[in-house]
Amino acid sequence: MSPRVRPSPAIAAGLLGLVAIIASACDTGAAPVTPPIVPGASGSPREVNLIAKDYSFLPDALELAPGETVLLHVINGGLEVHEAVIGDATVQDAWEVAEAATVGAPPGPTPVVSVPPDVTGLRIVVKSGERVDLVWTVPAVTPAAVWQVGCHIPGHWARGMQIPVHWVGGAAAS
């Protein structure tokens, strides 16, 4: 058996103090508050990034102001083709039904599908590694409107590729 070595009380106190200093240096405090969104206008759209991955979107909610104009950057960081359909439940349901018709399509370009004009919402199809930019004026809906962003490529919606739209701010200045 080897003898057990114990540090002196002064060394132990010094080590505890050092650990406390290191731990306090790691504490950065509360996260900074995100500034309020300033709605975009037709002459100066607000830039909004939406990243599609296999099988999710970032951020986990899309923040829009009713009536604002945005420069929407949709980026596909995944390996498969994705789409961003923005609209209410009627829009999401229409695209889910339309895309279901493409199940079993041969490999290649995404088949062309459409929905009735009164329920189109906004749809952007993005290939793997691609970025699509679009200037869009958000409809002037009430803040109580329930909208989502979803991908309806067969199976993607069912795997959870959907996020809510959060309504913020007021209508943009023209």
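The values are calculated or read from the model by the stated rules, or taken from the named source; none is laboratory data. If you're wondering where the values come from, they're calculated on a predicted model, not measured in any experiment. Don't worry about glycine lacking a Cβ; one is built from the backbone with ideal geometry, like all the others, and counts go over all protein chains shown.
Tabulated data for the structure shown
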{"item": "Residue list for segment 138-168, restricted to those being within 16 Å of Leu50 (Cα to Cα) and over 16 Å from the mean Cα position of the chain (by Cα)", "result": "Val138"}
{"item": "Hey, Pro66 modelled with pLDDT of 95 or more, assigned to a loop (DSSP other than H, G, I, E, B) and surrounded by 12 or more Cβ atoms within 10 Å (Cβ to Cβ) or not", "result": "yes"}
{"item": "Test: residue in segment 85-107 that is on the phi < 0 side of the Ramachandran plot, part of a helix (DSSP H, G or I) and among the aromatic types (Phe, Trp, Tyr)", "result": "yes"}
{"item": "Test: residue in segment 78-90 that is farther than 28 Å from Ser42 by Cα and crowded, with 19+ Cβ neighbours inside 10 Å", "result": "yes"}
{"item": "Verdict on Val132 being under 19 Å from Arg46 (Cα atoms) and either under 16 Å from the mean Cα position of the chain (by Cα) or buried (at least 20 other Cβ atoms within 10 Å of the Cβ) (or both)", "result": "yes"}
